[in-house]
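Notes to accompany the following structure.
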Amino acid sequence: MNHATAYLDSPLGLVSITGTEAGVSTIGFLNDTTGTATAFAAVPVCLQEAHRQLQAYFARELREFNLTYAPTFGTDFQRQVWQALTSIGYGRTASYLDVAKLLNNPKSVRAVGAANGQNPLAVVWPCHRIIGADGSLTGYAGGMHRKKWLLEFEQPTRQGGLF
């Protein structure tokens with residue numbers, strides 16, 4: 001099965017989406033957009049729903065993704081971590097320890113961190129919602145500026161005082 005690719009212009013730069021009829025295999029931010037002159041060609045049919053849902057997310061019209069996924073790599077443990085990420089709701093955060101506990105393996109904190117860093121589906125498997133146990137921002141494969149932006153973007157709008 002040949003992988004198709006689509007691109008989405010997001011507030012954080014160009015997003016690459018790849019997949020097949022079986023599902024979406026990768027979503028990631030591009031730092032180098034050299035050679036993407038054809039980036040805005042027609043979106044392949046197998047990626048149209050992922051493209052639409054990502055557009056809706058960045059337009060604040062979608063908080064939960066409902067896609068078929070077909071990652072091309074990952075150990076069983078990594079896939080368990082990635083699945084656990086989907087339980088961290090929009091506007092919420094969790095620590096690596098929280099995820100390890102969710103997997104009934106509290107000693108796996110470092111392995112959870114490593115798996116989180118290998119997440120093939122940025123934004124839809126919300127690894128950006130993982131922070132340090134002390135509340136600090138921790139690494140993000142898409143860049144810390146994107147992680148900070150995503151976390152702020154997902155925070156509910158706060159109304160200031162009237163007087």
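Any read-out appearing in this document is the output of simple, stated calculations on the displayed coordinates, not a laboratory observation. Note that the structure is a prediction, hence the values are computed from the model and not measured. Ideal geometry is used to build each Cβ from the backbone, glycine not excepted, and the neighbour counts take in all protein chains shown.
Globularity index of segment 33-127 is 1.24 (Cα radius of gyration / 2.2 N^0.38 Å, N = number of residues).
What aspartates and glutamates could a cross-link reach from Lys101, if we take a straight Cα to Cα line under 19 Å and drop same-chain neighbours fewer than 8 places away? Here the aspartates and glutamates satisfying the reach criterion relative to Lys101 are Asp76, Asp134. Here each label is just a point 7 Å from Cα along the line to Cβ, and for Asn105 and Tyr90 those points are 3.1 nm apart.
Could you work out how much longer the chain between Glu61 and Glu152 gets when fully extended? Use 0.36 nm per residue separation minus the Cα distance between them, nm to one decimal.
Details: separation 91, 0.36 × 91 = 32.76 nm, distance 1.59 nm.
Gain on extension, Glu61 to Glu152, equals 31.2 nm.
With a ≥ b ≥ c the root eigenvalues of the C-alpha gyration tensor of segment 61-108, is it rounded (a/c under 1.5), prolate (a/b larger than b/c) or oblate? It comes out oblate by the Cα gyration axes. Binning all Cα-Cα separations of the chain at 5 Å, short to long from zero, yields these whole-percent fractions: 2, 8, 17, 20, 20, 15, 9, 5, 2, 1, 0, 0, 0.
Taking chymotrypsin sites (Phe, Trp or Tyr not before Pro) across segment 37-85, the ones in a DSSP loop with at most 10 further Cβ atoms lying within 10 angstrom of their Cβ are Phe73.
Quote to one decimal, in nm, the extra length available between Ser10 and Asp134 on full extension: 0.36 nm per residue of separation minus the C-alpha distance between them. Kindly include the intermediate steps, with their values, before the conclusion.
Numbers: separation 124, 0.36 × 124 = 44.64 nm, distance 3.01 nm.
Roughly 41.6 nm would be gained on extension.
Loop by DSSP (not H, G, I, E, B), at most 14 other beta-carbon atoms within 10 Å: where is the longest site-free stretch of the chain for GluC sites (Glu not before Pro)? By the stated rule (loop sites, at most 14 other Cβ atoms within 10 Å), 65-163.
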